[in-house]
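This report refers to the structure that appears directly beneath it.
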Amino acid sequence: MVVYILRSAPTGRLYCGQTDDLDRRLRQHNDPEYRGSLTTKRWPGPWSIVWSEAHPDRGQAMRRERQIKKRGVSRFLQDLGGA
C-alpha cells in the first residue's frame with residue numbers, strides 16, 4: 001500500500017490518498033471520464049505525484065493518511081521541507 005500526495009499543476013491544490021497501485025490511481029485521477037475520484041475532478045489537472053510512502057498493509061496506510069490530513073497536507077509537506 002502507498003500513501004500519496006498529488007498537486008494540481010494549474011491551481012497548486014493538494015490531495016492526499018492511499019492505494020495499492022499508484023500508477024493506476026494517478027491515471028484515474030487524471031482521466032476526465034473516471035468517476036471514482038470525484039474530489040480531484042472538482043479542480044483542473046493534470047495532477048502529479050509530489051510525495052509517496054510505502055506501507056506494509058492497508059490499515060497502516062489509512063492511519064498515515066488520516067495523520068497527514070489531520071495535520072493538513074500543505075503543512076505536512078512544509079514539515080518535510082517539500083512545499
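Per-residue extension of 0.36 nm, minus the Cα-Cα distance of V50 and E33, leaves a gain of 3.8 nm for this segment.
Where does each of L6, L38 land when they are ranked from fewest to most other beta-carbon atoms within 10 angstrom? Present the calculation step by step, with values, prior to reporting the outcome.
Details: L6 24, L38 8.
Lowest count first: L38, L6.
A DSSP coil position with no more than 14 other Cβ atoms inside 10 Å describes the following trypsin sites (Lys or Arg not before Pro) in the range 33-75: R35, R42. D by Stokes-Einstein for the chain, Kirkwood Rh over Cα pairs, 25 °C, 0.890 mPa s: 190 µm²/s. Projected label points at R24 and R58, each 7 Å from Cα along the beta carbon direction, are separated by 1.2 nanometres.
Readers should treat all values here as calculations from the given coordinates under stated rules, not as data from a laboratory. These numbers were taken from a predicted model, which means no experiment stands behind them. Cβ sites come from the backbone with ideal geometry, for glycine too, and all protein chains shown count toward neighbours.
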